[in-house]
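The values are calculated or read from the model by the stated rules, or taken from the named source; none is laboratory data. Just so it is clear, the model here is predicted, and its values are computed rather than measured. Heads up, the Cβs are rebuilt from the backbone with ideal geometry, glycines too, and the neighbour counts pull from every protein chain shown. For accessibility, only protein heavy atoms count, side chains too; no ligands or nucleic acids. Shrake-Rupley method; radii C 1.70, N 1.55, O 1.52, S 1.80 Å.
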Amino acid sequence: MTQSKNIAVLGAGIMGLLSARALMAEGHYVSLYDGGGFPNENASFIAGGMLAPYAEVEHMGECWIEAGLAGIDFWQSYAQGREIGFHRNGSLLVAHGEDRYILERFRGHLSGLNGVDASANIALLEPELSSRFQAGIYIEGEGQVHPELVMGAIIDELRSSEAALNLEDCEPDALDDQFDLIIDARGMGASEPDIRGVKGEILIVRNTELTLSQPVRLLHPRYPLYIVPRGQGIYMIGATQVEAEGQGVSLRSAMELMSALYSLHPSFGDAQILDIKDGVRPSYPDNLPRVVQHDKLISANGLFRHGYLLSPIMANIIAGLARDEKREFYDLFTKGYKDESNHQREGNPLRGAA
């Protein structure tokens, strides 16, 4: 068995937290660094917590579905005995009549995949939406978690495991002499040249006049959104993608988000707004995550809007690298990516090659 290592993890978003947890579980000594606190109200903290590999197939491709399903299995197991808002009730995709072509296009991407009902019976699945939508797509096995509850649970676990939680921001070079491995999971803070920010905007409302049993995605050419029931009349509504890095939700963006929500069901016109906020998610040009190793530095970044879905798999890959092992889905997350930073050197046999 490989000797336990002294490992630093930079960043306490979901990627950093799960990496620290996975490494601690395998007997390593972990120091976690984040100047924003534990929890840090970062993009992970205000995320939607969607676990939807099929519904994201347009952006990820079919080769990522198995990894996504493994991520959902992880959360299902982790939820045993913990309240993290985990549910696995599937996803319903709908579109207004004038936007049916988007639904038809999406059917083409899902054609032949197991667990997909391309002609969902909305009256059976979500009766309160049946008067507004005649057709939809149902995907079984997809799910959700509540990010704030998840991050709180992992932080409590790390504290009880005696991980060192350091309220400071550090660059990898400053820690090079102190640790056997350094995991850079800082997202936008990692200063990687290929990383761009994609803003995620969410609205939290209370609507006691409507009951939904599963996440619903409204496919729309300009204002796509997803709505996640969180119980007791609370709904989280997210705009799926805003190509902007600026902080704050603009008036125009908020109006568009609320207008699209009202079009889903008019009862939202009387809903109580509990919160509205945004976060910037780190994304590579292909919108796919990467694990890249260079000597003792391992970068885990680019989770785009798949943070809760794929971070458990990436954390397991990182734990494997700490043991000089290539674990399941290693090739998918490392496929030929190279470290183009100024620190690039030769000779690391585990640097990502598919």
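Computed quantities for the displayed model
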quantity: Filtered residues of the range 122-144 (kept if part of a loop (DSSP other than H, G, I, E, B) and either among the β-branched types (Val, Ile, Thr) or closer than 13 Å to residue 213 by Cα (or both)); calculated: 126, 140, 142
quantity: Residues (at negative phi and either surrounded by fewer than 18 Cβ atoms within 10 Å (Cβ to Cβ) or β-branched (Val, Ile, Thr) (or both)) located in the range 28-61; calculated: 29, 30, 35, 36, 41, 46, 57, 58, 59
quantity: Given (1) in contact with a strand residue (DSSP E or B) (Cβ under 8 Å, 6 or more places away or on another chain); (2) crowded, with 22+ Cβ neighbours inside 10 Å, index of the condition residue 313 fails; calculated: (1)
quantity: Number of the exception - residue 197 against (1) open to solvent by 30 Å² or more (accessible area, probe 1.4 Å); (2) over 23 Å from residue 104 (Cα atoms); calculated: (1)
quantity: Residue in the range 145-157 that is modelled with pLDDT under 95, among the acidic types (Asp, Glu) and either assigned to a helix (DSSP H, G or I) or over 22 Å from residue 253 (Cα atoms) (or both) present; calculated: no
quantity: Of all residues making up the range 1-54, the number that are charged (D, E, K, R) and not in a loop (DSSP other than H, G, I, E, B); calculated: 1
quantity: Those residues of the range 144-167 which are open to solvent by 60 Å² or more (accessible area, probe 1.4 Å) and either in contact with an Asp or Glu (Cβ under 8 Å, 6 or more places away or on another chain) or among the hydroxyl-bearing types (Ser, Thr, Tyr) (or both), in sequence order; calculated: 149, 160, 167
quantity: Filter result (among the aromatic types (Phe, Trp, Tyr), in a helix (DSSP H, G or I) and under 22 Å from the mean Cα position of the chain (by Cα)) within the range 59-115; calculated: 64, 74, 75, 78, 106
quantity: The range 107-128: number of residues that are within 23 Å of residue 229 (Cα to Cα), of a type in the set (A, V, I, L, M, F, W, C) and in contact (Cβ under 8 Å) with a residue 24 or more places away in the chain; calculated: 4
quantity: Every pair of residues 6+ apart whose Cβ atoms lie under 7 Å, when the first sits in the range 77-90 and is over 8 Å from residue 153 (Cβ atoms) while the second is open to solvent by 80 Å² or more (accessible area, probe 1.4 Å) and at pLDDT below 95; calculated: 90/140
quantity: Extreme residue, nearest to the chain's Cα centre (by Cα), among residues of the range 122-143 that are closer than 24 Å to residue 305 by Cα and open to solvent by 10 Å² or more (accessible area, probe 1.4 Å); calculated: 141
quantity: Number of positions in the range 258-310 that are among the polar types (S, T, N, Q), open to solvent by less than 20 Å² (accessible area, probe 1.4 Å) and free of Cβ contacts under 8 Å to residues at least 60 places away in the same chain; calculated: 1
quantity: Failed criterion for residue 119 (all others in (1) open to solvent by 80 Å² or more (accessible area, probe 1.4 Å); (2) assigned to a helix (DSSP H, G or I) hold); calculated: (2)
